[in-house]
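A short worksheet on the structure shown next.
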Amino acid sequence: MFKRFALLLAGLGALAFSRAQTVPVIPYDSTMADRVGIDGVIDNEDGPEYPATYADKASGLTLHWGFDDSLIYVGLETKGRGWMAIGFGSAKMKESNMIIGYYTDDSTDVVNRVGADSTHARSPLSDSALREAEIDYDEETGITCMEFSYPLQFPAGQGLAIPGLEPGDTYDIILAQNTKTVSLNAKHTQRSALKVKLADNPHLKKQE
């Protein structure tokens, strides 16, 4: 009986570990430019606006994403107001390309920053990495939504933390938000770090 119980616990432990290690996949979709509107609203009325969604409990953020031949498209949602951020390339703020946004009744902003130790800095050319960006707050649902499109590859010399994102590769990302203030100098109230994988691009596979 004890041996059977031990085996059961081991099996449950292995299952929990397997689930904990599941890596979200950001899918390829050649129609991203047509299906996604960068307007600060996730519109699923006529079907999913994004090809994949991932709810991150630790950060309190829900992510919607996909990529095409040149851009990655990301939508972040959270309940309430404050600032929210996603960083590509590292499991910590340092060496991350970070997109940070906030919304108030008087002002909104979405910026691209480069993580440095426990803070972030504006690179001279970092904002040019954002192709489109928008953030909005829905009074009825209480949800703040930030959307942006972001190049998979960057020209050299832009002072960014990583040169780009390659289909088929796995990357560290960080997620964070502050639910109490829109000050970008304020520390996060929720944070998480995880790995994500970009799916293969079938067009590149055919060329190879």
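The values are calculated or read from the model by the stated rules, or taken from the named source; none is laboratory data. On a predicted model such as this, the values are computed, not experimentally measured, just so you know. Here the Cβ is made from the backbone with ideal geometry for all residues, glycine too, and neighbour counts use every protein chain on show.
Things worth noting here:
- Qualifying positions in region 138-162 - modelled with pLDDT of 70 or more and outside any strand (DSSP E or B): GLU139, GLU140, THR141, GLY142, LEU152, PHE154, ILE162
- Yes/no for GLU166 being buried (at least 17 other Cβ atoms within 10 Å of the Cβ), closer than 21 Å to GLY75 by Cα, among the acidic types (Asp, Glu) and modelled with pLDDT of 85 or more: no
- Among residues of region 24-46 that are over 15 Å from LEU63 (Cα atoms) and of a type outside the set (Val, Ile, Thr), those with a beta-carbon under 6 Å from a residue that is at pLDDT 95 or above and in a loop (DSSP other than H, G, I, E, B) at least six positions away or on a different chain give the pairs TYR28/ALA199; ASP29/PRO51; SER30/ASP68; MET32/ASP68.
- Flag for SER96 being in contact with a Ser or Thr (Cβ under 7 Å, 6 or more places away or on another chain), closer than 16 Å to TYR171 by Cβ and surrounded by fewer than 20 Cβ atoms within 10 Å (Cβ to Cβ): no
- Boolean, TYR171 is of a type in the set (Phe, Trp, Tyr), crowded, with 18+ Cβ neighbours inside 10 Å and modelled with pLDDT under 90: no
- Across region 112-137, the qualifying residues are those that are assigned to a loop (DSSP other than H, G, I, E, B) and of a type in the set (A, V, I, L, M, F, W, C), and the one among them that is modelled with the lowest pLDDT is LEU125.
- Considered as a group, the residues in region 178-208 that are in contact with a Gly (Cβ under 6 Å, 6 or more places away or on another chain) and not in a loop (DSSP other than H, G, I, E, B) include one that is farthest from ASP105 (Cα to Cα), and that residue is GLN190.
- Region 161-184 residues that are at negative phi, paired with ones that are polar (S, T, N, Q) and surrounded by fewer than 16 Cβ atoms within 10 Å (Cβ to Cβ) (beta carbon under 8 Å, 6 or more apart): PRO163/GLN153; LEU165/GLN153; GLN177/THR189; ASN178/THR189; THR179/THR189; LYS180/THR189; VAL182/THR104
- Residue check for LEU76: part of a strand (DSSP E or B), modelled with pLDDT of 95 or more, in contact with a Leu (Cβ under 8 Å, 6 or more places away or on another chain) and farther than 21 Å from GLY168 by Cβ: yes
- Yes/no for ALA33 being in a helix (DSSP H, G or I) and either buried (at least 18 other Cβ atoms within 10 Å of the Cβ) or of a type in the set (Gly, Ala, Ser) (or both): yes
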